[in-house]
Amino acid sequence: MIINCRTRRSLSNLIAGLLLLAPLAAMGQFRSPEDRRIASDIIKTFSRECTLRGAADGDVVDQLEIQNSKAQKLANQKVQKCFQSGYSQIIAVHSIYKKVCSEVTSTPETSTDTTKARQLLDISNYQAGIRPHHSVLNDCLQGLPNREGLDYMIALTGTGLSVEELKAELDAAAVKDVFPATFVPFR
Amino acid sequence: MKRFIGWSGILLFSQFAGANAPSLIGPYLKTDIGVNTKYQYNVYHDFYRAIGDATVSVNPEFTGQTRPSAFYVKGRLKGIYEKFASQTIQDHFDIDGDLKLLINENEEWSGALFGSGKLFSDPSPNERYGRIARMNANGGLRLSKVTGKGRSLDFEGSYALESFNDPNQTGVYSNMLNNQNLEALAQYNNAFLPETNWFLRAKGGMKNYATTTFNNPSYSESLTAKRNSYYGLIESGFVGRLTERSTVDCAVGWLYRQYAASTLDQGTLFAEPVFYMRFVEQVTRRDQLLAGYNYIVSDSYWSDYVLDQEIYLGLGRVMGDQVLVMGRFSYVYKSFSKPIRRDDERITSSIGIRYSINPQLKVTGDFKIDLYSSDAYNTDPSALTNPNGTIVTAPDRPVSYKAGSIGIGIVATY
């Protein structure tokens, strides 16, 4: 929960900052050093979080691709309709998100106001990644009659409880039985 | 874009959690190379002489798969070379691999042909005995059929082979524990919740030893025997998510295990309930608690069967994003059946740290304790001397021991 709260707090700060600064950024300049500092902080926060989110989104896109091909293979018209409207948007947004993230992470902090302003605008448009579009697709699949769409749904990132990785680590930490109680010699 | 997934990322994003996640993506080959150094206390697991030694080990591991399609292959190959600084009789090289051919995955009918092999050795019990070379191999076929929404049937048949080569024995005695195991399984699964399955499983098999009765003058019993057995198990349980924050894997069943009669007695029989349960609780996004209790019966090399009762508790905590700290504790009570009764207790504890420098590089640290208490004694004569020059007590050396290790390592992933 701690990480969840922190993430939410940092996201709400990011949104508030973006609401204040985006109109100024559109003009390519900042009114004061304070605005410039806030813009830099927003970009920095985004660059810290975007690689993780982008990687997670990338895997969702891969899984959606599999579900999309399955729907086409099985010629399920209703499911295909959901994918037609949502899947292409998800791919496009993911591609832009990766591009923005790549640019933001590779740009030095001392970049010009114009660059910062452009990055701020991009961030304000794509900071949520594929999540809103993915959510729309899931709503569409969930709304299909006879629960037909459920088999094609992929959970939204960050909502599932993941235990396997740590469980595997904890199991690997077990002390091995060195002697499997053989006859030799009295073990 | 650089992809960095720290430990908290693993917890936050379920896509990275499942070991099967990459299978959805495509062909891949992953290589892990680990180098570890540690100090081992009591390398011979001896009650009287706790001889310690430093070791260095190299552990390469390769996992991979071809592109998922109607037929595709998954495999893993793992090796370990461990070198001891002074007790070189314990140097060893183990290799372990498995291969699986998946057919029609996620279709109405699906199957898998699988096989695995392991070449390894058990530790030498003293400075002169030598390690006991072993080989395990198994193979089989698994078929699955989707019978309805969330319901499926699994069938599996497998054959396993175990081979021993005791360096201090000759003839049949060197391979006295060689055995083969034939097993069949049928399982019905019902996903009554999206991530939770109820299952009913029936399992049966037979285990045959190459040498069932022999005279072995090396041991206190003038006549020892390894007896063939057959068994049947029917059990039912749940596996999957219990609540939003916890998962469960548990089953309770009835086991019937019968050993063949021999000159020793009419053969032992185990016909009682068995069960296991295991809970994983995600206390917070950064803390995980693991708890379990096993009450299981399996074939034993020592006697006919062994009843294992194990309680274990584990705790994992992610600190920051890059450090994972773990602790695990277990208590085991082993009760060996007739004809050679024996009761053992074992307490183990471990603490581990994993520091993820970047996705390709991790530093590890481990501290392990292993305390074993047994009512079995080795009555073999011993000509070994203690480090202080005195003769090792013999006969009646207890099998019990106290051992441990502390070490650090590095794991690189490509």
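Quick notes on this one:
- Answer from B:S152, B:S158, B:S163 - the residue that is touching a strand residue (DSSP E or B) at 6+ places or on another chain (Cβ under 8 Å), over 26 Å from B:D299 (Cα atoms) and in a strand (DSSP E or B): B:S152
- Single condition B:S163 does not satisfy, out of (1) surrounded by fewer than 18 Cβ atoms within 10 Å (Cβ to Cβ); (2) of a type in the set (S, T, Y); (3) closer than 17 Å to B:F114 by Cβ: (3)
- Residue list for the stretch A:121-143, filter: within 14 Å of chain B (Cβ to nearest Cβ), in contact (Cβ under 8 Å) with a residue 24 or more places away in the chain and closer than 19 Å to A:A75 by Cα: A:L141
- For B:T88: the one exception among (1) more than 30 Å from A:L150 (Cα to Cα); (2) touching a strand residue (DSSP E or B) at 6+ places or on another chain (Cβ under 8 Å): (2)
- Residue check for B:Y377: modelled with pLDDT of 90 or more and either over 29 Å from A:R48 (Cβ atoms) or surrounded by 16 or more Cβ atoms within 10 Å (Cβ to Cβ) (or both): no
- Residue ID - farthest from A:F30 (Cα to Cα), chosen from residues in the stretch A:106-126 that are of a type outside the set (A, V, I, L, M, F, W, C) and within 16 Å of the chain's Cα centre (by Cα): A:Y126
- Test: residue in the stretch B:322-337 that is under 14 Å from A:A173 (Cα atoms), within 12 Å of another protein chain (Cβ to nearest Cβ) and in contact (Cβ under 8 Å) with a residue 60 or more places away in the chain: yes
- The residue list A:T105, A:T115 contains one member that is more than 14 Å from chain B (Cβ to nearest Cβ) and either in a helix (DSSP H, G or I) or at pLDDT 85 or above (or both), which is A:T115.
The values are calculated or read from the model by the stated rules, or taken from the named source; none is laboratory data. Note that the coordinates shown come from a computational prediction; the quantities given were computed from them, not determined experimentally. Backbone-built Cβ (ideal geometry, glycine too); neighbour counts: all protein chains shown.
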